[in-house]
Ligand SMILES: Cc1cc2nc3c(=O)[nH]c(=O)nc-3n(C[C@H](O)[C@H](O)[C@H](O)COP(=O)(O)OP(=O)(O)OC[C@H]3O[C@@H](n4cnc5c(N)ncnc54)[C@H](O)[C@@H]3O)c2cc1C
C-alpha cells in the first residue's frame, strides 16, 4: 500500500536511515525514505561484518528495541564468532561475517515490506525551512516533499571526496555520487560542519590467493542469532584467513609515504586513531615490524575477499606491490583498490539527546553525519532519531537513553555531551557499567521500554517475560537446592575443586571458578529444567552467580550516577563567574554546557575539586530560584 502523505522524510537509506525509517514507521507514522539508490540500501561501505566488542552488544540492543539490524545480520551471516570467550563477560561479543549482497537484500526486503515506508530513488539537494523549522526537502530534480520532520542520515556522502595518492574526485563512496548541494545548503543553514576522513583496503580475487600459506580462522560451531525474536535460516558457513605483512611491505609503505594521500599532505579531514591505515601503523608504531592481516570473504557466491588491515590511500601501482609482498598474496589480483574518503559531518554538541538539531527544529541527525563511524553506531542513532521524530509529531514525550542502561546511552551521552574530535566508535572501555551492558541481557534491559513505546508487540515481550521468569526460577533453584558432601565430592574431585565437608547450596558451589553450571548439571542431572530451557539461560545464570559481587558493586555505582543525572544544570548558569573552578574546568563547562551534574562529571579536564564546587554552586542556584 503506497504511503501517500509522509510526515517524516528520511534522507539516505544507509544503516542509520533504515533504522530511523523503521522505528518511525513502527509507531504508525508515514515515512518517505529518499535515497540515492535503493539497490544499495544498508550497503556496507567497508568490511562485510557486523558486531564485535561493544558493537555486538549494540546490535542486540537495537533488536531489543524492535530494530532491523540484527534480523538482516542473521539472514546474511556466513560466519559467526563469539569474541573473547576466554575473557570476562563484559567483553564477550558476537560478531558475524556477512554476505554483503544478502545483507542488502534482507534489509531491502524488510524496509520495502513495511506498510508505512515509501522508498524513493532521489538525491535530496536542500531542506525546506521556515521560521527556524524544517518543513520538507527538495530533490535534485526539483521535486518538493513536505514533512513535519526530517532525519538526515547521509553518511560519508556530504561533500565526499575520494583520495587515492595525489588524485581526488567527488564521491559518496566508490561508485556512488557525492552529495554536494545538500552539504552547501546545510552549511548555509548554520550547521557546524567538521571534516573527517576514513579509509578502506583493497578487495582481492580469492581465486588468486594461495590459501595453503594462510592460517584458517573457522567460525564457531554453535548456532547463534543476533535477534532475540526472529529466527533466520542458517547459510553455509565459511572461514576467514590470517596472514601478515613482510619486511618488504613495510619498506614499500615507508619508501612511498609521500605518494599516499595521507602522508603526501592531501588529506584535510581527521581520521580515526583507533583504526589506522597501514601507512599510520608503520609510521606510528615503528617497533611493530609486522602487521596482521585478515582475509574476509565478501559472500558465498563471490570470490571477492576483503583484505582487513591494509587500508591505505596509495596509488594503485603501489597498492599492487604492497599486496604482492604479503605471504600467500604473491599472485593475488586486486578487484577493487583501497582509498581514503573525506566528508562533511556536524558537531554533535549541536544536538539534543534525542538527536534533534538544536539549530533547526524538526531536523534530526543520525550516523556518520554526527561524526561517528561504524554501521552499528549509525543504526543505533537512526533508531533514536526515528523514534523521537515520530514521538514529537505525536506530541508524546521524548525518549532518551542513559549510560546505565545501554551502550546506546553511552554513545549518545559521549557524542552529544562531549563532542568528537575524530570519527567516534564504541569500545567496551567507554562504558563504565559494562558488566551490566552485556549482549545476553540486552532484551531484559530494553525490551520492556520498547514494549511501552510500541516498538515491539505482545508476542516479543512475552518471549522476554518468559526468559526473565526462567532465569528467576533457575536462580531460585540454585540457591535453595543443597547437596551433601557424599553426593557432590566425586564431582568436585573430577573438576579439581576442594572437597566439601558440609551440605552446600548449588549457588555456593557455582561460585567456585572450577565449577561450571553445565558440568554441575551434567553430573547431578538438570532436575527441574529441560535441556531446551537450560540452553536459553545457562551462560547468563552462570555469570550472574559467579560475578554477583562485581555486579552488585556496579549497581551501587549506577545508582550514584543516576542520582547525579537528576541534578540539572540551569541552561543560564554562568560558569565563567565561578572563579573557584579551575580555568580549564570553566572553559570545558562553558564549551560543552552539560545539562546535568552527571554529564559534567564525565567531562575530561574537570577535576573532582571542580565538581564539588559545581555541586555547591548548583545547590546555591537552586535555593535562589523561586519555588516551583
Ligand atoms: C571508504 C569507507 C571506509 C570506511 N571504513 C570504515 C571502517 O574501517 N570502520 C568503520 O567502522 N566504518 C567505516 N566506514 C564507515 C561506515 O561505512 C559508516 O560508518 C556507516 O556506513 C555509516 O552509516 P550511515 O547510515 O550513517 O551512512 P551510509 O552507510 O554512508 O549511508 C548513507 C546513505 O545516504 C544516502 N545519501 C547520501 N546523500 C544523500 C542525499 N543527498 N539524498 C538521498 N540519499 C543520500 C546514500 O546513498 C546512502 O544510502 C567506512 C566508510 C567508507 C565510505
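Readers should treat all values here as calculations from the given coordinates under stated rules, not as data from a laboratory. Just so we're clear, the structure is a prediction, and the values are computed from it rather than from any experiment. Using ideal geometry, Cβ is built from the backbone for each residue, glycine included, and neighbour counts are taken over all protein chains shown.
Relative to the present Cα-Cα distance, how much length would full extension add between residue 213 and residue 258 at 0.36 nm per residue of separation?
Working: separation 45, 0.36 × 45 = 16.20 nm, distance 3.18 nm.
So the extension gain works out to 13.0 nm.
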(request) Would you work out if segment 57-148 is rounded, prolate or oblate? Take a ≥ b ≥ c from the square roots of the eigenvalues of the alpha-carbon gyration tensor; rounded if a/c is under 1.5, else prolate when a/b is larger than b/c, oblate otherwise. (result) prolate
(message) Starting from a Cα-only point model with no solvent, please compute log10 I(q)/I(0) by Debye for segment 203-342 at q = 0.10, 0.12, 0.19 1/Å.
(response) -0.39, -0.55, -1.11
(message) How large is the Rg to Rh ratio of segment 293-442 when both quantities use alpha carbon positions and Rh follows Kirkwood?
(response) 1.10
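By how many nm would the segment from residue 39 to residue 290 grow when fully extended, if each residue of separation counts as 0.36 nm and the alpha-carbon distance is taken off?
On the way: separation 251, 0.36 × 251 = 90.36 nm, distance 3.90 nm.
Between residue 39 and residue 290, full extension yields an extra 86.5 nm.
How long are the semi-axes of the equivalent ellipsoid of segment 1-137, defined as square roots of 5 times the Cα gyration tensor eigenvalues? Whole Å, largest first. Before the final figure, lay out each step's value.
Details: eigenvalues 193, 50, 36 Å².
The equivalent ellipsoid of segment 1-137 has semi-axes of 31, 16, 14 Å.
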(message) Can you compute the modelled spin-label distance between residue 304 and residue 532, with each label point 7 Å from Cα toward Cβ, in nm?
(response) 4.1 nm
(request) Could you work out the relative contact order of segment 453-557, using alpha carbon pairs under 8 angstrom and six or more residues apart, expressed as a whole percent? (result) 26 percent
(request) Would you mind checking the radius of gyration and Dmax of segment 275-373 based on alpha-carbon positions, in Å? (result) 18.9, 56
(message) When 1/r is averaged over all different Cα pairs and the result inverted, which Kirkwood radius in Å belongs to segment 107-216?
(response) 17.3 Å
(request) Run a plain Debye calculation on segment 567-624 (Cα atoms as equal point scatterers, no solvent) and give log10 I(q)/I(0) at q = 0.27 Å⁻¹, rounded to two decimals, same order as the q list. (result) -1.24
(request) Compute the separation of the alpha-carbon centres of segment 224-285 and segment 495-535 and state it in Å as a whole number. (result) 44 Å
(request) Between the alpha-carbon centers of segment 412-464 and segment 77-129, tell me the distance in whole angstrom. (result) 16 Å
(message) Please report the antiparallel percentage of DSSP beta bridges with both residues in the chain, rounded to the nearest 5.
(response) 75 percent
(request) Quick one: Debye curve from the alpha-carbon atoms of the chain only, equal weights, vacuum; give me log10 I(q)/I(0) at q = 0.06, 0.07, 0.09 Å⁻¹ to two decimals. (result) -0.36, -0.49, -0.81
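Pairwise over distinct Cα atoms, reciprocal of the mean inverse distance: report the Kirkwood radius of segment 413-556 in Å, one decimal place. Provide the component values of the computation, followed by the final result.
Values: mean 1/r = 0.0561 Å⁻¹.
For segment 413-556, inverting the mean 1/r across all distinct Cα pairs yields 17.8 Å.
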(request) With runs of 4+ DSSP H residues as the only contributors, calculate the mean residue ellipticity of the chain at 222 nm using -39,500 (n - 2.57) per run, divided by the residue total and rounded to the nearest 500. (result) -11500 deg cm²/dmol
(request) Taking 7 Å along the Cα-to-C-beta vector as the label spot, tell me the residue 205-residue 551 distance in nanometres, rounded to one decimal. (result) 5.4 nm
(request) Could you work out the mean projected area of the convex hull around the alpha carbons of segment 279-332, in square nanometres to one decimal? (result) 4.3 nm²
(request) At 7 Å along the Cα-to-beta-carbon direction for both residue 167 and residue 563, put a label point, then send me their distance in nm to one decimal. (result) 6.3 nm
